[in-house]
1. Can you give me the C-alpha center-to-center distance between segment A:72-130 and segment A:1-39, rounded to a whole angstrom?
2. Can you give the three extents of the C-alpha atoms in chain B along their principal axes, from longest to shortest, in whole Å?
3. From the convex hull of the Cα coordinates of segment A:1-145, what is the mean projected area in square nanometres?
4. Which three lengths, in whole Å and largest first, does segment A:30-78 cover when its Cα atoms are put on their principal axes?
5. Across the residues of B:155-165, average count of Cβ atoms on other protein chains within 10 Å?
6. Taking A:Lys139 as the anchor, which lysines have their alpha carbon closer than 27 Å to its alpha carbon, excluding any fewer than eight residues away along the same chain?
7. Mind computing the radius of gyration and Dmax over the alpha-carbon atoms of segment B:122-174? Å is fine for both.
8. How tilted is helix B:51-64 with respect to the longest principal axis of chain B? Cα atoms for both, answer in degrees (0 to 90, nearest 10).
Amino acid sequence: MSDSVTPRNATEAAAALAGAAAQRRPVRISGGGTKLGWGGAVQAGALRLRTELLRGVLIHTDDPHSATLGAGTPLANAQAQLARSGMMLAVDPQLGLGLNPAATVGGVIATADSGPLSHCYGPPCAQLIGVSLALCTGKVIQTGRRTAPSPSGYDLAKLATGSFGTLGILLSVEVRLHPLPSQTATAFGSTSDPQLLGAAGVKLARTLSGMQAFDVAWRGGFGGLLAQFAGSDATARAAAAAEAMSAAGLSNADSRADDSSTWVSQRAGQRSADRAVLRIHAKRRQLGAVLRLAADAEGDVVGRAALGVSYLTLNVNRITSVRAGLPEGCSAVVLDLPQSARGVVDSWGTPEGPELQLMREIKQNFDPAGVCNPGVFVGGI
Amino acid sequence: MEAQADLIERVRLVCGIEHVLTDPVTLSTYRSDGVRRDGPPPLAVALPGEAAEVAAVVSACAAASVPWVARGAGTSRDGTALPLSGGLMIVLTRMRRIRSIDLGEDELTVEPGVPAAAISRAVAPTHQLQIDHPGTVGGAAAVGAVGPHLVGLDLVRDDGALVTLSSRSTGYDVVGAFGGSRGAPGIAVSITLRALRTHS
């Protein structure tokens, strides 16, 4: 029995999945393999289904602001190809641990991974026009402008985003494109007071407009805000934002035109090879509380200041206390874990209840054989 | 017939006698939707006033094995607002309260029967949220007319269970995927929307 399969097209992928379903053999779907440690573990003996040959970038000739991307396309390659046409996909997560930018389009969408651009452009699902998904029945569902709505009634593109491959194999996505800005500039200011930083983030999120990205960072007892502007007047707007940061109480406020390294550390802070990373969703006004929690746990934070999304890097033994101390209404998912902690820490922490029951019904609806990445998702789905 | 009569009595206890319609002439006005198609007359029309009443009515229907259809203003054009033969119609237009406005988070939470056109006025002048839909917010959410502004839902499932979902929740993005579902996952009894700031 083969351990892995690398389908060359959608038909082969759907057939491989249907074949595994007929044998009730679990399938572990993998793209660049950069996030296989996220979520729960798939049981031993799973068929590894690699998407690396499901690649391609097709900018639509009838609408240059949209494109179809093969799920196995490395996102870095897709962005490079789109950039040659002056366009970009507004999804910019860290593309892997270390220097290996292997994350694929399918992997990024399946995990709803995002980066600083989500401040302006929204989460990855907001960039999707449609998806093509192979189900365990061997059927391929396609949604988008050129196809009928999903027969399930749900908006399939949104349901598949962040599903961790538990509904089917993502084959390709139809996406919106945005013009690549001619130039960008960033304002920044810093403080050693997490409460002040949180308050400044909340205030500036309300008063500054037109930012392409607005991030917070907290490392080693010191933090700051970064506000990026795009376009021909980016430098002037960043300078004005630096003045606003200074007025909000931040120190060393300044601005400068971006170079390729300016935002690298923000994205890199979303991953860790030797510590745990929690992705926290909170209300905007809870930013100060999240930063205080991080400071108390000797953790580092990068995140989207106006969206309430924070990536907290900390030692594994601090996860329980941080989860217990989160403000009401927050959710926290463990993303990266050191190898030694995998299988020990519950990545999701979602209690049993009607919400989880609804998730299980959705799983059953799309993957009745239960073979698509079983055990990886929330509640052991 | 006895089970149906018992159901109507139970629904009257839940919603109040004046909020359960059984008069044939009145019921006939609920046989049409936004394109004036005639459906069968419903068994009765229930107008619950709050989420707990919706949950109790749905539970009662499940116990009596009576089908139901939920609707707002009835402007739907795809037949999903038409009654089912022998079924109960749950009409949400009494649930028209704006439950909270949190402009610091750019969010407001409303009941499903709030007219879609009223939302923009509720958040003006610092914010705007235009929903291009002739009916209620609940109807707009179910047909996908709210778009990315939908960030939270309380749903009554078909067994009467109440599920609270948020775009901040873990798991499948049911809130995002609800648009266009025609209410398949459940009846939206509370809807949280994100408004846009008006920068002047």
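1. The two parts, judged by their Cα centres, are 22 Å apart.
2. Here the spans come out as 61, 35, 28 Å, largest first.
3. Working: hull surface 38.2 nm².
Value for segment A:1-145: 9.5 nm².
4. 46, 18, 15
5. Partner-chain Cβ atoms within 10 Å, mean over residues of B:155-165: 3.
6. List returned: A:Lys35, A:Lys158, A:Lys363.
7. Considering segment B:122-174 through its Cα atoms, Rg and Dmax are 13.1, 41 Å.
8. Roughly 40 degrees between the two axes.
None of the figures in this text is laboratory data; all of them are computed from the coordinates on show. Small disclaimer: the values here were computed from a predicted structure and weren't measured. Reconstructed Cβ throughout: ideal geometry from the backbone, glycine too, with neighbour counts over all protein chains shown.
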